[in-house]
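Enquirer: Okay, handing you the structure first.
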Amino acid sequence: MGNGPRSPVKFLQAETTAEALDALGCGARAIAGGSDLIVRARQSNSPLPDHLVAIDRVSTLRQIQIDGGSARIGAAVTYAQLVDHTVIAARLTAIRDASLLVGSPATRHVGTIGGNAMNASPAMDTGAPLAVLGGRAVLESTAGRRTMSLTDLWIGPGQTSARSDELLTGILVDLPSSDSGTAYHRLEYRRSMEIAVAGAAAALRVDRDGLISSLRVALSAAAPTILEIQHLDAAIGATLARASAVAREQSMDQCTPISDIRASAEYRRHCIGVMAARAVATAYARATGQTISQWASTP
Ligand SMILES: Cc1cc2nc3c(=O)[nH]c(=O)nc-3n(C[C@H](O)[C@H](O)[C@H](O)COP(=O)(O)OP(=O)(O)OC[C@H]3O[C@@H](n4cnc5c(N)ncnc54)[C@H](O)[C@@H]3O)c2cc1C
């Protein structure tokens, strides 16, 4: 016998959300693309649960709905879907930036935004974009539905505040106004199959004089959970240069990075500042009508 994952005792392919919720109520664990759950089991980091319910064929969980000023992204929406969606590209650009960076084409075709959120890695790529956009999680169980801020959902590395019988069914995001721009940058040592060494997202608005009128910054791989930066008031009413400096300083002050095989805490802290400033610069360029591709060189 090899050392691969053992077969789950029970496996249900759900066709509807109700079927998935019933299974979760009976102790099953959700599986979407399996790119975290199965890979971790193969690496023997954590065994597969005895009871799995696959949600990748539940059509309502695979939809992106735009309704007036908000978007509802189904939990089983893949990165490939996000990359191809015109409203995500135009209005929620930081989510597209992050989706484009994930893994490889194969990972992007199976990996889901819901799996990323529920896996709750501090280095998850969609986390910082969703945090600066004020993303909210819709959690459902057979007992009902509740909505909470994603930053309240993430409570530690690999830990969420969701109950085991709750399914993340969608993520709600308000579409930013036309004077807004958003961006996500991550430090990586190669272009694909990489995990963020440090990452930062920014969402901002620019007034008629070209000054910053609102700013949010969040970091990945910088703390035990995705970290939204506080005390950015000095950036309001400021030029891009000043706002970038404020974002850099506050990010470096507030992050609590770890040292590991990929980077020392000291190097991460420095790079977190650089990523935060880059995210602000790219978001500003987009807010002022420039088209900045994720792969373009940044100031
Ligand atoms: C080669 C490779 C490269 C990768 N590169 C990146 C990268 O660049 N950036 C990055 O952020 N991640 C990366 N990942 C990690 C992974 O692909 C993502 O986190 C992905 O979004 C996970 O989604 P999934 O659908 O595959 O999750 P799954 O593996 O199916 O599930 C992950 C966890 O979430 C739970 N879950 C899933 N959906 C729900 C739901 N709707 N409700 C409740 N719980 C749920 C599962 O029970 C499990 O605990 C990579 C993985 C691989 C294998």
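Enquirer: For M252, what charge total do you get from the other residues with a beta carbon under 12 Å from its beta carbon, if Lys and Arg give +1 and Asp and Glu give -1? Mind dumping the intermediate values first?
Expert: On the way: positive: R248, R268, R269; negative: E249, D253, E266.
Charge balance in the 12 Å sphere: 0.
Enquirer: Where does each of H109, H270, H51 land when they are ordered by accessible area, with a 1.4 Å probe and the largest first? Could the numbers behind the result be given before it?
Expert: Values: H109 125, H270 100, H51 30 Å².
In descending accessible area the options line up as H109, H270, H51.
Enquirer: Something else: Mind pulling the angle between the C-alpha long axis of helix 240-254 and the longest principal axis of the chain? Nearest 10 degrees, somewhere in 0 to 90.
Expert: Approximately 50 degrees, to the nearest 10.
Enquirer: Additional query: Quote the charge dipole size of the range 39-185 about the Cα centre in Debye, to the nearest 20; the model charges only the Cβ of Lys and Arg (+1) and of Asp and Glu (-1).
Expert: Result for the range 39-185 is approximately 200 debye, rounded to the nearest 20.
Enquirer: How large, in percent, is the carbon and sulfur part of the accessible surface of the range 10-54 at a probe radius of 1.4 Å?
Expert: Numbers: 1190 of 2310 Å².
The C+S portion of the solvent-accessible surface of the range 10-54 is 51 percent.
Enquirer: Quote the charge dipole size of the chain about the Cα centre in Debye, to the nearest 20; the model charges only the Cβ of Lys and Arg (+1) and of Asp and Glu (-1).
Expert: So the magnitude is around 480 debye.
Enquirer: Let me ask something additional. Under a Cβ-only charge scheme (Lys and Arg +1, Asp and Glu -1), can you give me the dipole magnitude of the range 10-54 about the Cα centre, in debye to the nearest 20?
Expert: So the magnitude is around 240 debye.
Enquirer: Which whole-number percent is the relative contact order of the range 161-241 (Cα, under 8 Å, 6+ apart)? Kindly include the intermediate steps, with their values, before the conclusion.
Expert: Working: 111 pairs, mean separation 16.8, N = 81.
Computed over the range 161-241, the figure is 21 percent.
Enquirer: Take R163, project a point 7 Å from its Cα along the Cβ direction, then tell me which residues of the range 101-145 have their backbone nitrogen under 15 Å from it.
Expert: 139-145
Enquirer: Which of rounded, prolate or oblate describes the chain when judged by the alpha-carbon gyration tensor and an a/c cut-off of 1.5?
Expert: prolate
Enquirer: Measure off, as a whole percent, the carbon and sulfur share of the 1.4 Å-probe accessible area of the range 59-174, all protein chains present.
Expert: For the range 59-174, the apolar C and S fraction of the accessible surface comes to 49 percent.
Enquirer: Determine the relative contact order of the range 1-155: mean sequence separation of Cα pairs under 8 Å and six or more apart, normalised by residue count, in whole percent.
Expert: 20 percent
Enquirer: Additional query: Among A247, A265, A279, which residue has its Cα furthest toward the positive end of the charge dipole of the range 180-287, with +1 on Lys/Arg Cβ and -1 on Asp/Glu Cβ?
Expert: Value computed over the given set: A279.
Enquirer: Where the centroid of each part is defined by its Cα atoms, how far is the range 29-45 from the range 115-190 in Å?
Expert: 19 Å
Enquirer: Put +1 on the Cβ of each Lys and Arg and -1 on the Cβ of each Asp and Glu in the range 10-54; which of L48, Q13, G25 then has its Cα farthest toward the positive end of the dipole?
Expert: In the range 10-54, that residue is L48.
Enquirer: Within the accessible area of the range 180-287, what % is carbon and sulfur when the probe is 1.4 Å and the other protein chains stay in place?
Expert: Within the range 180-287, the accessible surface is 52 percent carbon and sulfur.
Enquirer: Also, quick follow-up: Could you order T78, T86 by accessible surface area, starting with the largest, using a probe radius of 1.4 Å? Could the numbers behind the result be given before it?
Expert: Values: T78 5, T86 105 Å².
My answer, sorted largest first, is T86, T78.
Enquirer: Which whole-number percentage describes the relative contact order of the chain, with Cα contacts under 8 Å and a sequence gap of 6 or more?
Expert: 15 percent
Enquirer: Heavy-atom accessible area per residue, the range 10-54, 1.4 Å probe: how many Å²?
Expert: That works out to 51 Å² for each residue.
Enquirer: Now a separate question. Residue by residue through the range 179-186, which ³J(HN,Hα) values in whole Hz follow from phi under the Karplus form 6.51 cos²θ - 1.76 cosθ + 1.60 (θ = phi - 60°), with glycine and proline marked x?
Expert: So the J values, rounded to whole Hz, are 8, 10, x, 9, 7, 9, 10, 9.
Enquirer: Sticking with this structure for a sec: Could you give me the radius of gyration and the Dmax of the range 10-54, taking only the C-alpha atoms into account and expressing both in angstrom?
Expert: 10.8, 32
Enquirer: What does the accessible area per residue of the range 104-199 come to in Å², with a 1.4 Å probe and no ligands, DNA or RNA counted?
Expert: 38 Å²
The values are calculated or read from the model by the stated rules, or taken from the named source; none is laboratory data. The shown structure was predicted, so the numbers you read here are calculated from the model rather than taken from an experiment. When we count neighbours, we look across all protein chains shown, and the Cβ atoms used for this are built from the backbone with ideal geometry, even at glycine. Surface areas here come from the heavy atoms of the whole protein model, side chains and all, with no ligands, DNA or RNA. Shrake-Rupley method; radii C 1.70, N 1.55, O 1.52, S 1.80 Å.
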